[in-house]
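Below is one structure, written out as structure tokens; comments come after it.
Values in this text are rule-based calculations from the coordinates and carry no lab data. Model, not experiment: these values are computed from the prediction. Note that we place each Cβ from the backbone using ideal geometry, even for glycine, and neighbour counts take in every protein chain shown.
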Amino acid sequence: IWQGGSGLAKTGHVPVVPGKQGQCRHSDFLAEGSKCCRSAFCADCTWWPVYPRTCGNKIVDCIAAYTNDGIACGTDWYMYEAMVAEGNDARLLSFSPSESVKGGHRNPQNQLDWIVGCLGVVDSCTDRCETSFLSCASGRSFGQCSKDLKRGDLADCPETCAYTLGMLNASETPTATLSRGQFGTRTGLPRGGSTAPRPNCEEVFGTFAETGYDKCATAAGPPAPAPIEACPGGPTEGPAKRPAEGPTGGPTKRPTEVPSEGPTERSTEGPTRSPVADARCLVQNEKDKFYLTTKKKTGKEVIRNCQWLEDKSEKQKKQICSKKVKRGTGDVTNPAQDVCTKSCDSCGPCYENEFSRFYTGTRKEGAPVFSTCRSLQKKKKKKAALCAVTETDVYGPARDVCLVTCEMLTC
């Protein structure tokens, strides 16, 4: 399993996720919104979305979050503890933002390389390949060295191996805690054991009492864990299965290689909808702000919130969500489709907006160059090369923005 910007929410604990899951019943949230945490606190709840009781079917869980992710940082640690308690192979990756990487509630840079590398979808690169790659990365960018590897230009590196943790650290360097000392198919790494260092979250996490959280109407401590159905014959611990035996929808090659089969039809208007709803699409914080536009006369950026968007007609929402995709330059940068995911119906692994922008490189004078998914659809000859780019700027690369067009997933 890959959990990017995700984890396990616990009743009576911070962080409290936007939909108040784990603190309120869903029916109460639908009836009262965020107020349910005060008026209808769920004293019988314990966690959300699910406790990882896996019995004899042990799994690998790669849990990744940025330390400035106010939704997920802390829940990642809760999930690691629960995964290990159930005998699963948990791999916790705690990323910190930087001047070039803003972090927040999103996957890490070069996310598909992290997914394939951490889960071990294919065999990890060898020590000799890692040395060759890091030698390249000492003087060039991660993306440039990735291109060399894909072309077969890096010594001792097969084109289809999964990046090791050492190689991925050339992109970003998280604090990694590996419960069994394994990353991908590489073993013998430092073992994290039954507990992990607490992530250095920008927002404190813990019980309501420990953090002073007073927005939910309960004076009691967190509830005792509810009874979980026992495994047949009692709890069973054993080695985690290879991820390749698990989900069938993930990539089977290095993510920069474009699959030979993709969607047979593509809508020419608006975003491509996901066939399976993402849980984050079901809820949103009405007070979360997004960048709408910039006034031409004054240069002032116009900022709105999700409640404002939700009050618009369906036609107006569609217009704002699908076409107002530029990023702001002030304190609020993300457009509506990135913030108000319920109103925009903009979640799911196969969501794509043809007007979304992606980064393609820089001009000679250093100015960044951007394009759109719609434009990429028309560039039959250049599409593979553009989808192989991994560098980011204000906007991410095509492979992260135009997932359907780049055929990064089977949608």
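By the equivalent-ellipsoid construction on the alpha carbon gyration tensor, region 44-174 comes out with semi-axes of 31, 19, 10 Å, ordered largest to smallest. Ranked from largest, the principal axis spans of the Cα set of region 2-44 equal 33, 18, 14 Å.
Taking packing as the residue-averaged number of other Cβ atoms within 10 angstrom, the listed peptides 400-407, 40-47, 294-301 run from highest to lowest as 400-407, 40-47, 294-301. The length gained by stretching the chain between residue 318 and residue 370 to full extension, at 0.36 nm per residue less their Cα-Cα distance, is 16.4 nm. Once C-alpha pairs closer than 8 Å and six or more residues apart are averaged by separation and normalised to the residue number of region 291-411, the relative contact order reads 19 percent.
Label region 164-203 by shape, choosing from rounded, prolate and oblate, from the square roots a ≥ b ≥ c of the eigenvalues of the Cα gyration tensor; if a/c is under 1.5 it is rounded, and otherwise prolate applies when a/b is larger than b/c, oblate when it is not. Because a/c hits 1.5 or more and a/b fails to exceed b/c, region 164-203 counts as oblate. Dividing the Cα radius of gyration of region 317-362 by 2.2 N^0.38 Å, with N the residue count, gives 1.18. Based on alpha-carbon atoms, the Kirkwood radius and the radius of gyration of region 285-401 give Rg/Rh equal to 1.00.
Shape class of region 25-119 from the Cα gyration tensor (axes a ≥ b ≥ c, square roots of the eigenvalues): oblate, since a/c reaches 1.5 or more and a/b does not exceed b/c.
Does region 357-411 come out rounded, prolate or oblate, given a ≥ b ≥ c as the square roots of the eigenvalues of its C-alpha gyration tensor, rounded meaning a/c under 1.5 and, failing that, prolate meaning a/b above b/c? Because a/c hits 1.5 or more and a/b exceeds b/c, region 357-411 counts as prolate.
Between residue 203 and residue 140, the FRET efficiency from the beta-carbon distance, with R0 = 30 Å, is close to 0.25.
Taking the average, over residues, of other Cβ atoms within 10 Å as the packing measure, peptides 363-372, 111-120, 389-398 rank 111-120, 389-398, 363-372 from highest down.
Pair-distance distribution of region 153-223: all C-alpha pairs, bin width 5 Å, starting at 0; shares per bin in whole percent are 3, 11, 15, 15, 13, 11, 9, 9, 6, 3, 3, 2, 0. Each part gets one Cα centre, and for region 56-76 versus region 2-17 those centres are 8 Å apart.
Going by average Cβ neighbours within 10 Å, how do the peptides 324-336, 19-31 rank, with the highest at the top?
Most protected by this proxy first, the peptides run 19-31, 324-336.
The Cα atoms of region 69-138 cover 37, 35, 16 Å along the three principal axes, with the biggest extent listed first.
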